[in-house]
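Bear in mind that the values in this text are calculations on the coordinates, not laboratory data. This one's a predicted model, so the numbers in the text were calculated from it and none came from an experiment. Here the Cβ positions follow ideal geometry from the backbone for every residue, glycine too, while neighbour counts run over all protein chains shown.
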Ligand code: GLC
């Protein structure tokens with residue numbers, strides 16, 4: 001299929017682009033180590049070009065002790081040897097560029113590794129120049145400075161007896177938080193970002209960026225008072241080129257905050273990853289492990305609020321999957337009888353919206369959640385959860401059910417390339433088991449099948465670039481209270497687009513709005529039209545005005 005290339009020197013090129021997230025550890029191994037590597041990514045660039053994506057967001061590949069799979073960086077300007085060499089990285093950037101694909105790196109700027117030389121220095125003495133790169137509180141080791149908890153469990157403070165001080169960490173103790181109040185620290189971070197821009201990297205995803213303005217004294221982590229001041233300085237110093245794309249992970253972003261992050265004056269970032277839609281099937285006030293069924297009108301209202309709230313005022317990203325989330329087909333679809341239909345339906349719902357879609361590796365194949373034995377899981381969050389909840393008296397089976405439904409390793413099982421041993425991911429022993437369903441669900445089979453989930457995504461990606469109403473039209477939600485069908489209209493000066501998605505495994509009635517009687521069907525997950533919506537049926541109709 002002929003590739004559609006975007007002019008990436010222009011501000012806003014990413015508004016009609018589609019990105020693809022690679023979790024390098026699980027993408028493709030070329031050495032038999034059992035861990036994916038940069039050469040593996042290079043070897044699969046043709047596959048990604050065939051899919052039609054414009055950029056790859058790679059989860060971290062910088063030097064790291066891998067306590068949190070690379071989100072604990074010990075050198076911002078070096079490649080971790082498990083992934084290869086700097087030369088491999090240079091080759092990857094060049095080979096991707098040849099195919100019209102930009103490389104977007106993951107920047108972890110809120111914290112670093114406890115093995116980073118800055119932290120090793122900081123621990124030496126209170127007057128070491130690097131001491132102030134981190135956040136400290138005096139104490140005697142018996143009582144942490146306050147009650148704050150770390151995201152992966154346990155207190156957010158760890159004691160260093162030699163200093164008589166605690167340091168602050170929102171994640172694991174091996175991930176000390178950086179002190180953004182320190183200008184030298186900020187300048188060093190900007191320098192390392194420019195190192196990658198000079199190498200040809202064309203954008204960045206900024207890990208938990210809403211946390212950099214934290215103030216542990218006030219027990220504030222997200223959306224701290226100086227957050228946007230820091231972001232504007234970061235942007236001015238590290239991202240001056242209009243063509244660079246930047247996306248901030250911001251769990252604490254609401255629509256108003258997102259307007260600041262992604263204002264069209266480029267003063268902060270290109271767009272945000274916000275998560276309001278993603279938590280809708282969580283029990284109110286509880287943790288993500290406490291499950292409840294998605295109530296479709298909640299999702300529709302949430303999506304509509306973001307579509308209308310940011311239209312013309314900011315820019316959103318569109319996603320249902322990433323390396324921290326379970327597989328969406330298992331979560332909001334049906335990964336058994338209607339796996340293919342529901343994977344395509346969920347993609348239709350998302351790819352008809354305004355924003356920049358991100359596809360997480362394997363999503364384009366309809367890859368599913370996995371059920372492993374406790375000891376086979378690698379993610380520290382899963383093991384911490386298991387320990388905490390069983391200690392509190394939760395039944396083991398219930399804790400395992402939560403892990404099967406929500407554990408981060410669901411998304412991290414190796415990419416399923418073909419039906420050979422270990423799905424063609426590695427000739428060695430994979431660092432995390434391959435999902436046993438790889439014999440049925442794999443890229444080779446899907447490439448050979450014109451009706452596969454892969455080819456459906458390929459078509460959706462293409463539609464965004466050829467149908468301007470998809471990237472920039474107004475949004476109107478239809479039937480907000482309908483609990484089964486998610487339907488909306490996008491509209492610009494010349495056309496109207498109708499998107500209809502049946503979220504259930506039963507037939508549903510849907511009254512087509514006026515004006516679409518003779519519309520063109522752009523895409524559909526059933527081969528023909530029918531008077532009712534069939535299980536998980538989805539389509540897009542385009543009408544002139
Ligand atoms: C982000 C990452 C996640 C990581 C955490 C700490 O949420 O996506 O994988 O564990 O930040 O860096």
What angle, in degrees between 0 and 90 and rounded to the nearest 10, separates the Cα long axis of helix 86-98 from the longest principal axis of the Cα atoms of the chain? 20
Kindly state, as a whole number, the per residue volume in cubic angstrom of the convex hull around the alpha carbon atoms of the stretch 136-226. 120
Quick check: pseudo-label points 7 Å beyond the Cα along Cα→Cβ at residue 120 and residue 90, how many nm apart are they? 2.6
Acute angle (nearest 10 degrees) that the helix 183-199 long axis makes with the longest principal axis of the chain, alpha-carbon atoms: 50
Out of every Cα-Cα pair in the stretch 326-371, what percent are more than 13 Å apart? 51
Report D for the stretch 467-545 in µm² per second (integer): Stokes-Einstein, Kirkwood Rh on Cα pairs, 4 °C, 1.567 mPa s. 101
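The stretch 330-487: D in µm²/s via Stokes-Einstein (Kirkwood Rh, Cα pairs, 25 °C, 0.890 mPa s)? Don't jump to the answer; show the numbers that get you there.
Working: Rh = 17.8 Å.
It diffuses with D of about 138 µm²/s by this estimate.
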Going by how many other beta carbons lie within 10 Å of each one, how would you line up 368, 467, fewest first? 467, 368
20 Å cut-off, amide nitrogen to a point 7 angstrom out along residue 427 Cα→Cβ, residues in the stretch 10-39: 25-39
Using alpha carbons only, how many angstrom separate the centre of the stretch 1-67 from the centre of the stretch 508-545? 34
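Need one number: the % of Cα-Cα pairs in the chain sitting beyond the 38 Å mark. Present the calculation step by step, with values, prior to reporting the outcome.
On the way: 39615 of 148240 pairs.
The share of Cα pairs beyond 38 Å in the chain comes to 27 percent.
Pairs of alpha-carbon atoms within less than 8 angstrom and 6+ residues apart define the contacts here; what relative contact order does the chain have, in percent?
Result for the chain is 13 percent.
Divide, for the stretch 1-113, the radius of gyration over alpha carbons by 2.2 N^0.38 Å, where N is the residue count.
Numbers: Rg = 14.4 Å, N = 113, 2.2 N^0.38 = 13.3 Å.
With N residues counted in the stretch 1-113, Rg over 2.2 N^0.38 Å equals 1.09.
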List the relative contact order of the stretch 281-351 as a percent without decimals, with contacts defined as Cα pairs under 8 Å and 6+ residues apart. 18
Give me the tail of P(r) for the stretch 109-177 as a percent: Cα-Cα pairs with distance above 17 Å. 35
For the stretch 237-297 and the stretch 327-362, distance of Cα centres in Å: 19
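Before anything else, pin down the relative contact order of the stretch 386-544: Cα pairs under 8 Å, at least 6 apart, normalised by residue count, whole percent. List each step's numbers first, then the result.
Numbers: 221 pairs, mean separation 21.3, N = 159.
About 13 percent, as a whole number.
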According to a simple spin-label model (label point 7 Å from Cα along Cα-to-Cβ), what is the distance in nm between residue 494 and residue 302? 3.6
Pop out the Kirkwood hydrodynamic radius of the stretch 220-294 from its pairwise C-alpha distances, inverse of mean 1/r, in Å to one decimal. 13.8
Zone of residue 4's modelled label, taken as backbone nitrogen in the stretch 29-70 under 17 Å from a point 7 Å along Cα→Cβ: 49-55
From fewest to most C-beta neighbours within 10 Å, the residues 439, 205 line up as 439, 205
0 to 90° range, to nearest 10: angle between helix 296-310 axis and the chain longest Cα axis: 80
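Nearest 0.05, what FRET efficiency do residue 146 and residue 530 give at R0 = 41 Å with Cβ-Cβ as r? Mind showing how you got there, number by number?
Working: r = 60 Å, r/R0 = 1.46.
After rounding, the FRET efficiency stands at 0.10.
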Which value in nm describes the separation of the simple spin-label points at residue 132 and residue 254, placed 7 Å from the Cα toward the beta carbon? 3.6
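Add -39500 (n - 2.57) for each DSSP H run of 4 or more in the chain, then divide by its residues: what number comes out at 222 nm, to the nearest 500 deg cm²/dmol? Mind showing how you got there, number by number?
Details: 16 runs with 152 residues, N = 545.
About -8000 deg cm²/dmol.
Quick check on the exposure proxy: order 499, 329 from fewest to most C-beta atoms within 10 angstrom. Spell out each step's value before the answer.
Working: 499 24, 329 30.
Ascending number of Cβ neighbours within 10 Å: 499, 329.
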Centroid-to-centroid separation of the stretch 132-171 and the stretch 411-457 [C-alpha atoms, Å]: 43
